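Shown next, in structure tokens, is the structure this report addresses.
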Amino acid sequence: MEKYSFFNSVEGDRTYQASDFADYFKRFLTSGVFPKPSTSLQVLSNDSYTISLQPGYAMLEGYMYYNTDVKNIVLDAADGVLNRIDYVMVQLDLTNRKIETIVKKGTPATSPVPPSIIRSESIFELVLARIYVPKSAASISQMNITDTRMNSEICGWVNSTIQADTSAIFDQYESWFNTRTAEYEQSWDDWFLEADSWLQSVKEQIANDDHTVMNERLDNLELNEMDIYQRFESVYQDISDVNEKVTTLENQRILEIVELKADQSVPSTNYSNINWGTGQIQAPNFNETTQEWVAPITGRYKITANVNFRGMTRDYNAYTRFVLNGASQVNMYKSTTSNGDDVHNHIVVLDLTAGDRINFGIMTYGTTGRIEGLRTHLIIEN
């Protein structure tokens, strides 16, 4: 069956359903929350059982949802003896022809689990936030709310379905690079053997020739030396061009550079997570609320951290660690041998899942156990 759209109707011969338009938009926009502004449909605590949904847009299977003003939502009170997990979600209901934000209440339990998510022919749900309701809690704070808008499994950002696959281009370039490198190496070996053989023959001939012939051959030798140098210079330039292209490709793999600042005391014997200053974040995937960088996609990441400790005292031991989802992963140690500032440079490679959270912990071990300031540059590559 052939279908087409959209044309003006003439005496009712072209009519369309809402589902026709939704199917059209679904061809090139994924379901999720529109990422601009960054607070689009964000769920915030009011330090009570009332939470606030910020204005924003969402796309659900080609249908548009728009919350124009801050919407206050009242949660059910906590159970007296059991904990609970609720979901705040945008729900598309095709049967009742509406889209609205609802709270799906979980079942109270000692170790509660979130409620189920429905994605059927008539119901489609996006989870905006996960709310942990502790037993007998007097109110719900921001630390009880987990922002799930960036979790592509249950929500995610709206994205284009039209994406270019560059893997074939890169594979072709890599094959060309390897082939050209092998050709250059073989050409160099062949030329070196040829030049060595030629020089040996010149030496033998010079030994047997008179001065006139010898001078002529010496002139030829200088010309050949110039030719050799020019050939070598050409090969070197080709190799430099290849290296520059490889460097450009590798630089394109950098996802983002985060410049973070903090100024806090550091404990002497226990790790303390770094609290970054508000308004100093320069990366779209850094969550200012949880003070963590969140992996946008699943993959292997190279993370470079340059941490500047200030006000250090001689013979201190300074420690830095990477914290993944609240658990320490890699501990780094450096001894300070002079008064003043000190720098830690660390690189780790971690296999992360989309939504994994990264933070840093710091500690000193010495006579006073205090650092006056801290600054880090974080380079993240995928």
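The values are calculated or read from the model by the stated rules, or taken from the named source; none is laboratory data. Please read all numbers here as calculations on a predicted model, not as lab measurements. All Cβ positions, even for glycine, are placed from backbone atoms using ideal geometry, and neighbour counts span all protein chains on display. All accessible areas refer to the heavy atoms of the entire protein, side chains included, with ligands and DNA or RNA removed. Shrake-Rupley method; radii C 1.70, N 1.55, O 1.52, S 1.80 Å.
Applying 1/(1 + (r/R0)^6) with R0 = 25 Å to the Cβ-Cβ distance of D171 and F192, what FRET efficiency is obtained, to the nearest 0.05?
0.20
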* Exposure of D219 as accessible area (Å², to 10), given a probe of 1.4 Å and all protein chains -> 90 Å²
* Which residues' amide hydrogens lie under 5 Å from the amide hydrogen of A137, considering only partners 5 or more residues apart or on another chain, with H built in the peptide plane? -> A78
* Asked: Applying the Karplus parametrisation 6.51 cos²θ - 1.76 cosθ + 1.60 with θ = phi - 60° to the phi angles of region 86-92, what ³J(HN,Hα) value in whole Hz is obtained for each residue in order, glycine and proline being reported as x?
  -> 10, 10, 9, 9, 8, 10, 8
* Asked: With every protein chain left in place, what is the accessible area of M226 in Å² (1.4 Å probe, nearest 10)?
  -> 110 Å²
* Would you mind computing, in nm to one decimal, how far apart the modelled labels at A109 and A182 are, each placed 7 Å from Cα along Cα→Cβ? => 5.7 nm
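Leaving ligands and nucleic acids out of the surface, order V10, V88 by accessible area at 1.4 Å, largest first. Before the final figure, lay out each step's value.
Details: V10 95, V88 0 Å².
Result, largest first: V10, V88.
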* Find the relative contact order for region 46-85 and round it to a whole percent, using C-alpha pairs within less than 8 Å whose residues are 6+ positions apart. => 40 percent
* Fully extended contour minus Cα-Cα distance, from K36 to N72, at 0.36 nm per residue -> 10.9 nm
* Asked: Quick one: ranking D69, D76, D86 by accessible area, 1.4 Å probe, largest first, what do you get?
  -> D69, D76, D86
* **Charge sum, other residues only, whose C-beta stays under 14 Å from P112's C-beta, Lys/Arg counted +1 and Asp/Glu -1** => +2
* **Area accessible to solvent at L350, 1.4 Å probe radius, in Å²** => 20 Å²
* Considering Cα pairs under 8 angstrom that are at least six residues apart, work out the relative contact order of region 8-150 and quote it in whole percent. => 23 percent
* Holding the Cα-Cα limit at 30 Å, pick out from K3/K104; K36/K104; K26/K135; K26/K71 the pairs that are longer than that. => K3/K104; K26/K135
* Computed Rg/Rh of region 43-174, alpha carbon atoms with Kirkwood Rh -> 1.09
* For S120 and T95 in the same chain, what is the full-extension length gain: residue separation times 0.36 nm, less their Cα-Cα distance, in nm? -> 7.9 nm
* Can you sort F286, F28 by 1.4 Å-probe accessible area, starting with the largest? => F28, F286
* Asked: How far is it, in nm, from the label point at I297 to the one at S136 when both lie 7 Å from their Cα along the line to the Cβ?
  -> 4.8 nm
* Asked: Stretch Q237-S201 to full length: gain in nm at 0.36 nm per residue minus the Cα-Cα span?
  -> 9.9 nm
